[in-house]
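Undergrad: Structure incoming, see below.
The values are calculated or read from the model by the stated rules, or taken from the named source; none is laboratory data. Here the structure is a predicted model, which means the values were calculated and not measured. With ideal geometry, Cβ positions are generated from the backbone for all residues, glycine too; neighbour counts draw on all protein chains shown. What goes into the accessible areas is simple: the full protein's heavy atoms, side chains included, and nothing from ligands, DNA or RNA. Shrake-Rupley method; radii C 1.70, N 1.55, O 1.52, S 1.80 Å.
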Amino acid sequence: MNLTLRVWRQKNAKTSGQFVTYQATDISAEMSFLEMLDVVNEELIKKGEEQIAFDHDCREGICGSCGMVINGTPHGPLSATTTCQLHMRFFKDGDTITIEPWRASSFPIIKDLVVDRTAFDRIIQSGGFVSVSTGGAPDGNAIPIPKEDADKAMDAAQCIGCGACVAACKNASAMLFVSAKVSHLGLLPQGHVEADRRVLNMVATMDEEGFGNCTNTGSCEAACPKEISLDNIARMNRAYAKALFKNKLA
Amino acid sequence: MSITLESKIPSGPVGQKWSRYRQDMKLVNPANKRKFDVIVVGSGLAGASAAATLGELGYNVKCFCFQDSPRRAHSIAAQGGINAAKNYRNDGDSIYRLFYDTIKGGDFRAREANVHRLAEVSVNIIDQCVAQGVPFAREYGGLLDNRSFGGAQVSRTFYARGQTGQQLLLGAYQALSRQIAAGTVTMYSRTEMLDLVLIDGHAKGIITRDLISGAIEAHSASAVVLATGGYGNVFYLSTNAKGCNVTSTFRAYKKGALFANPCYTQIHPTCIPVSGDYQSKLTLMSESLRNDGRVWVPKKEGDNRHPNEIPENERDYYLERKYPSYGNLAPRDIASRAAKQVCDEGRGVGPGGRGVYLDFSAAIQRFGRKKIEERYGNLFEMYERITGENAYDQPMRIYPAVHYTMGGLWVDYELMSNIPGLFVIGEANFSDHGANRLGASALMQGLADGYFVLPQTIGGYFAAQKNGKYPADHPEFRKAEEEVRARLNRLLSINGKKTVTEFHRELGKIMWDNVGMARTESSLMHALERIPVLRQEFWENVNVLGSGDDLNPALEYAGRVADFLEFGELLAYDALQREESCGGHFREEYQTEDGEALRNDDKYSYVAAWEYKGVDQFPTVHKEDLKYEEVKMSQRSYK
């Protein structure tokens, strides 16, 4: 198939960017979206033009590196799918595809489709862990955990930190990302001990990083390639209120 | 430099070596630990767990990764699970059995003492990860669940759905994040190591490139730890992430570190077959699928019927037929070669005839679709996304692909290379898997090295060191910086006609066709002729656009492919000298009458550790003889 691409090109964080139109010819339906971009990039290099920069690594939908807004939707039209797992059979000959980077002030653009997501790392650093150092851990079976709890924790833990939730949200809120970690650890006995401190610190960092608040439109959940549920945000709000209240009492 | 390979294996029975070592090792006073700076390159399971643990112990750590966040390292893609000798199933498992299975699985080419230590600490890993909040699969009683895996007859694999690597890596990433917040670890993401710096023969720092600003920087330290993964991408197509590369370990090799057993490459039997020339990578379907899936091809050559229309008696379940006691769970190297064999016979399925079926219909009938969905749902989804086929209704098509590399930099028992102060952990070293790695053992080794082994053994090096570190403007750093800059400028100034990808693809084809699943003297000689020609063409005709002063993916890639173009030759050379078949190294000249690998223990029971002698020069081999005191070497049989 032949496609017309409108791709956001931006030299670096300091310059402004613009859409540039490219033709993608002889694209096979079996290709992944990133392989289609590889083909376009190879042709650009042959013409002496610099390739389109985009983040990608595992190309198996798990590392969370890739991510671009495709026709207005983070990771494109297919639900529960990262950009690298989106295949060209979901497009048709003659389509025009608009490709943009994540747009959020907390994710500044580095170049073309590459953005800086280190704010997510800083949120995890502020509390997204269990404070156990190596050595001295009790036997793995010392604390039985109900299967339902372990499963729910796993549902939340599947977050790949790609940032699609932020890109999809009109407020550029990171609530789905933060709540996934708060839920994952809060649902397990190992994470209970620090639950209050964790949620207070992570939410504070999220605010400091400039992410917006949640107004319950649910676009984050719809865009999430790992189908992280909005329930996590409700759970985090509950945990936050509880922690705030207990903190005040203390 | 004269090199002697001292493995530093502690004395005593194999089961007591590690505890003896720890009793005898020198310690660093807690107050002195912060005086030692450690560089950790890589943030996968081995790197992140080592950096976190070293930080917890009080060392000053600098950790580097080329990705935008340490959470993205390719350990994250491991699906199936992690082995541990917990014997929670009461099925006869023990530390000794895990040790034995790993030695046997490695086709008797691994170091006994290291492997026993690995089996010992395997149980601590599970405890540590549970304490971190890794959401392992559990049973209704609340206890940890296990599954079985290829190459073992016990159920010792712990898992978190099909995303075990992800959950373990996030556990290590979170431990690392905690140390970053505590100030013991400084993280440098989007930063690539481009050279190793030696001062007075010791590893004392690295040269890096900031991938956003292009800045070349010198980082000085008291020791350097490489945790940079494997070199599977020398084959272009592999299950590795696109960014995986050999640069760090190869740069260390060029500075004098020995590269051991590069020819031991693992071809994974269950990957999604190649669909076209544009293919950028191959996707693994977890080996755990072989627990419930049955592998078959049509009995007849060129049988093009839809798989569901081929009656039972016209199917050849070749693994069950050839290996009745292990059946579909035969180890990876054996299952891969068997698939190649039936495809070579013209019985392969799918486009190009390079595929075999992995069929779940019997398991679905037995356990119900719901149970299969629970076990492998995400894998079936992934398969459908990539191929457009539904594996609940028709068998999956799979074919072997390069997956893991057992070879790596040579290390002693303390995980230190022959360069003092240079430690190598995880897939980047050669030590524990011999000629073939068993499923669910990579995660185990990465975390064993990072959490439990290196943080102990590195103290011994520091305790004996007076000269901690040098200033980063020492002449050796300046010299290395200049060399790195010159090389980048050279790449940018060639302005040739071919893209980096074209060279990489060509190299990959040479490697896969000649140094892949089956190797012969003549195929290896052919590769050794072709690679230098391609390398020369690269340096004359590659086209790398853009500048070195900002984010330039083409420049990053060019540097990595340039190293692969030298490394591929080393791999082929190692494969040529090893005139036997063992594990992931299969030489067609050396096989039994029924086509199994034929080892030659009298001549080749050694580790081949290669010393760099210059581009276009033959490297020199140093041999470490493998002594088996505990295990009796035997021909591996899974029949």
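Undergrad: Along the positive direction of the dipole of the protein assembly as shown (beta-carbon charges: Lys, Arg +1; Asp, Glu -1; about the Cα centre), which of B:Met25, B:Ala442, B:Val197 reaches farthest?
TA: Of B:Met25, B:Ala442, B:Val197, it is B:Met25.
Undergrad: While we're on this one: Would you mind computing, in nm to one decimal, how far apart the modelled labels at A:Asn213 and A:Thr21 are, each placed 7 Å from Cα along Cα→Cβ?
TA: With each label placed 7 Å out from Cα toward Cβ, I get 4.3 nm.
Undergrad: At a cut-off of 40 Å², which residues of the range B:545-579 become less accessible once all protein chains are present than in their chain alone, using a 1.4 Å probe?
TA: Listed by number, the residues meeting the 40 Å² cut-off are B:Leu545, B:Asp550, B:Leu551, B:Pro553.
Undergrad: Next question. Using only Cα atoms, find the angle between the long axis of helix B:500-515 and the longest principal axis of chain B, and express it within 0 to 90 degrees, rounded to the nearest 10.
TA: Orientation of helix B:500-515: about 60 degrees from the principal axis.
Undergrad: A further question follows. Calculate how many DSSP beta bridges within chain B are antiparallel, expressed in % of all such bridges and rounded to the nearest 5.
TA: 70
Undergrad: Add +1 for every Lys or Arg and -1 for every Asp or Glu among the other residues with Cβ under 13 Å from the Cβ of A:Glu42, and state the total.
TA: -3
Undergrad: Given an 8 Å cut-off on Cα distances and at least 6 residues of separation, report the relative contact order of the range A:117-249 as a percent.
TA: Relative contact order comes out at 33 percent.
Undergrad: Counting only protein heavy atoms and a 1.4 Å probe, tell me what percentage of the range B:406-453's accessible area is made up of carbon and sulfur.
TA: Taking all protein chains in place, the range B:406-453 shows 52 percent carbon and sulfur surface.
Undergrad: Hey, another quick one. With heavy atoms of protein chains only and a 1.4 Å probe, what residues of the range B:170-197 have at least 20 Å² less accessible area in the full set of chains than alone?
TA: Buried by the other chains: B:Tyr173, B:Gln174, B:Ser177, B:Arg178, B:Ile180, B:Ala181, B:Arg190.
Undergrad: With a cap of 16 neighbouring Cβ atoms within 10 Å, and only residues DSSP puts in a loop, list the trypsin sites (Lys or Arg not before Pro) found in the range B:301-391.
TA: Passing both the DSSP loop test and the Cβ count: B:Arg305.
Undergrad: Report the local net charge at B:Asp412: Lys and Arg +1, Asp and Glu -1, summed over other residues whose C-beta lies under 10 Å from its C-beta.
TA: -1
Undergrad: OK, next. Quick one: with all protein chains in place, what share of the accessible area of chain A is carbon or sulfur, to the nearest percent (1.4 Å probe)?
TA: C and S atoms contribute 51 percent here.
Undergrad: A further question on this structure: Pull out a ≥ b ≥ c, the square roots of the eigenvalues of the alpha-carbon gyration tensor of the range B:582-639, then state rounded if a/c is under 1.5, prolate if not and a/b is larger than b/c, and oblate in the remaining case.
TA: Here the range B:582-639 falls in the oblate category.
Undergrad: Restricting to the range A:3-100, compute how many DSSP beta bridges are antiparallel as a %, nearest 5.
TA: Here the antiparallel bridges make up roughly 75 percent for the range A:3-100.
Undergrad: Any idea of the accessible area per residue across the protein assembly as shown, 1.4 Å probe, to the nearest Å²?
TA: 35
Undergrad: May I ask for the angle, rounded to the nearest 10°, between helix A:147-157 and the longest principal axis of chain A, with both axes built from Cα atoms and the value confined to 0 to 90°?
TA: 40
Undergrad: So which lysines can B:Lys299 reach, going by Cα to Cα under 28 Å and dropping same-chain residues fewer than 8 places off?
TA: B:Lys322, B:Lys340, B:Lys639
Undergrad: If you restrict to DSSP beta bridges whose two residues both lie in the protein assembly as shown, what percentage is antiparallel, to the nearest 5?
TA: Of all bridge pairs located within the protein assembly as shown, approximately 70 percent are antiparallel.
Undergrad: State the percentage of accessible surface on the range B:475-625 attributable to carbon and sulfur atoms; use a 1.4 Å probe and exclude ligands, DNA and RNA.
TA: 48
Undergrad: Next up: With label points built 7 Å along Cα→Cβ from the Cα atoms of B:Asp513 and A:Asp139, find their separation and express it in nm.
TA: Modelled inter-label distance: 5.8 nm.
Undergrad: Relative to the longest principal axis of the C-alpha atoms of chain B, give the angle of the C-alpha long axis of helix B:164-182, reported between 0 and 90° and rounded to the nearest 10°.
TA: 20
Undergrad: Sticking with this one: Below 8 Å, C-alpha to C-alpha, sequence gap of six or more: please give me the relative contact order for chain B in percent.
TA: Over chain B, the number comes to 20 percent.
Undergrad: Next up: Would you give the gap between the C-alpha center of the range B:120-173 and the C-alpha center of the range B:454-502, rounded to a whole Å?
TA: Answer, in whole Å: 37.
Undergrad: Next question, about the same structure. How big is the A/B interface in buried accessible area, both sides summed, 1.4 Å probe, to the nearest 100 Å²?
TA: Summing both sides, the interface buries roughly 6300 Å².
Undergrad: Right, next: For the pair B:Lys370/B:Ala463, report the inter-label distance in nm, with labels modelled 7 Å from Cα in the Cβ direction.
TA: Computed distance between label sites B:Lys370 and B:Ala463 equals 5.8 nm.
Undergrad: The range B:572-639 to the range A:191-233: how many Å between their Cα centroids?
TA: So the two Cα centres are separated by 53 Å.
Undergrad: May I pose another question? Which residues belonging to the range B:490-504 lose at least 50 Å² of 1.4 Å-probe accessible area when the assembly is complete, relative to their chain isolated?
TA: Output list: B:Thr499.
Undergrad: Who wins for biggest fluctuation among A:Pro146, A:Pro138, A:Pro225 in a Gaussian network model of chain A, springs between alpha carbons below 10 Å?
TA: A:Pro138
Undergrad: From the helices alone, meaning DSSP H stretches of at least four residues, give me the mean residue ellipticity at 222 nm for the protein assembly as shown, per-run term -39500 (n - 2.57), in deg cm²/dmol to the nearest 500.
TA: Value at 222 nm, helices only, nearest 500: -11000 deg cm²/dmol.
Undergrad: Using alpha-carbon positions, what is the distance between the centroids of the range A:1-50 and the range B:192-254, in Å?
TA: A separation of 30 Å, based on Cα centres.
Undergrad: Taking DSSP loops as anything outside H, G, I, E and B, show the longest stretch in chain A free of trypsin sites (Lys or Arg not before Pro) there with at most 12 other beta carbons within 10 Å.
TA: A:171-250
Undergrad: Calculate the FRET efficiency for A:Lys46 and B:Tyr628 from the Cβ-Cβ distance with a Förster distance of 41 Å, rounded to the nearest 0.05.
TA: After rounding, the FRET efficiency stands at 0.15.
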